[in-house]
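Structure first, then comments.
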Amino acid sequence: MSTILSVVAGLVLLGIIGMVAVAFYVTWRLTHPARKPLDMLPEDFGIQETQAFTFPSRESAINLAGWYFSAERNGYQSRNRTLIFAHGYSQNRQEPHLPALSLAAKLLAEGYDVLMFDFRNAGESSPSLTTIGLREQKDLLGAIDYARARCPGHTLGIIGFSMGAATALLAGGADERISVIVADSPFYSLREYLQENLPQWTGLPRYPFNWLILTICPILLGANPREVKPYRAVKQAKKPIFFIHGTGDSTVPAVNSEKLRELAIHPKSSLWLVPRAGHVRSYAMASEEYASRVIGFLEDAMKP
């Protein structure tokens, strides 16, 4: 009998070790997504003058790469405003779903300077752990530092997409240098989102892998999704926020932006729900209306 119990105990232990190993492997893959190449050129979107640059993240040993588009150098009258783009998970500065260069060209024509950059482990920036908004806040703060040093007199805003939208709310919401935020398809809370949607990302059963991934793996990786709470930042942000979300978004459902909008305290904050649009697909579905609404919001929100 004792031999049978020992064998059973050994098999159970091996099963537990195997499940932990699978959970850690899947988490490692999620936090190290494959890089997408930069395969678009600004000039293909009518942007004639591009300045490539690198700058440090607020986290040591992380260097970030990007483009700066000056409205004045591209032949437009400057409004002395700079908009920082923040891309989504596993993407790069191009945010190909839009594509971001198309939106940047429209904003340039309205007199806005545009700064586009790659978060860590994306595009041409330093390799590192992708943390879906946790450490990326340090990268966005580095971009804000760069924009402020480059054009000290400019008013600054952020346009973020998915993970970049959540990061914009977290870092930009608390930073007094940021006057306005456009958040396209953000999530409400990372842990709550992962608890509900992890099986879609991993292909693994909810039990026991959700618990393993959200409890054990953060300890091993030193990055806990519990700390990524955009809703807290929104409740404290004393600046206008424009939420954009597609009603057909099955990746991050539109209810995330609806709940965030309810928490926004600035009277000029608003929400645009785009019928049938998928995740970060609102611009692709209605590019002219998207640009018009964003520019209208910025004009009103960034008045001196």
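Since every read-out is calculated from the coordinates, none of them should be taken as a lab result. This structure is a prediction, so every number in the text was calculated from the model and none was measured. We place every Cβ from the backbone using ideal geometry, glycine too, and count neighbours over all the protein chains shown.
Here are the numbers:
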| read-out | value |
| --- | --- |
| Beta bridges per DSSP with both ends in the chain, % antiparallel, nearest 5 | 30 |
| Arg177 paired with Glu288, simple spin-label distance in nm, labels 7 Å along Cα-to-beta-carbon | 3.8 |
| For the stretch 200-303, convex hull volume per residue from C-alpha positions, Å³ | 133 |
| Under 15 Å, Cβ to Cβ, from Ser270 - net charge with Lys/Arg +1 and Asp/Glu -1 | -1 |
| Alpha-carbon centroids, the stretch 256-292 and the stretch 226-246: separation in whole Å | 13 |
| Degrees between helix 2-30 axis and first principal axis of the chain (Cα, 0 to 90, nearest 10) | 10 |
| The chain, dipole about Cα centre (Lys/Arg Cβ +1, Asp/Glu Cβ -1), debye to the nearest 20 | 740 |
| FRET efficiency, Ile295 to Thr3 (Cβ-Cβ, R0 51 Å, nearest 0.05) | 0.10 |
| Residues in the stretch 116-136 reached by a label modelled at Arg73 [backbone nitrogen below 17 Å; 7 Å Cα→Cβ] | 116-118 |
| Structure-derived Rg and Dmax of the Cα atoms in Å - corresponding label in (1) 19.4, 87; (2) 20.8, 86; (3) 19.8, 57 | (2) |
| Separation in nanometres of the label points that stand 7 Å from Cα toward Cβ, at Ala61 and Ser250 | 4.1 |
| Separation in nanometres of the label points that stand 7 Å from Cα toward Cβ, at Asn80 and Lys259 | 4.1 |
| Net charge over other residues, Cβ less than 10 angstrom from the Cβ of Ala166 (K, R count +1; D, E count -1) | 0 |
| Zone residues, the stretch 173-199, relative to Lys36, backbone N less than 15 Å from point 7 Å out along Cα-to-Cβ | 185 |
| Charge tally in the Cβ shell below 10 Å around Ser185, where Lys, Arg are +1 and Asp, Glu are -1, Ser185 excluded | -1 |
| Residue-averaged [θ]222 nm for the chain, counting only DSSP H segments that reach four residues, each worth -39500 (n - 2.57) | -11500 deg cm²/dmol |
| Check: the stretch 89-142 dipole with +1 on Lys, Arg Cβ and -1 on Asp, Glu Cβ, in debye | 140 |
| Two-decimal Rg/Rh across the stretch 131-222, once Rg and the Kirkwood Rh are taken from alpha-carbon atoms | 1.10 |
| Linear extension gain, Arg206 paired with Arg29, 0.36 nm per residue minus alpha-carbon span | 62.0 nm |
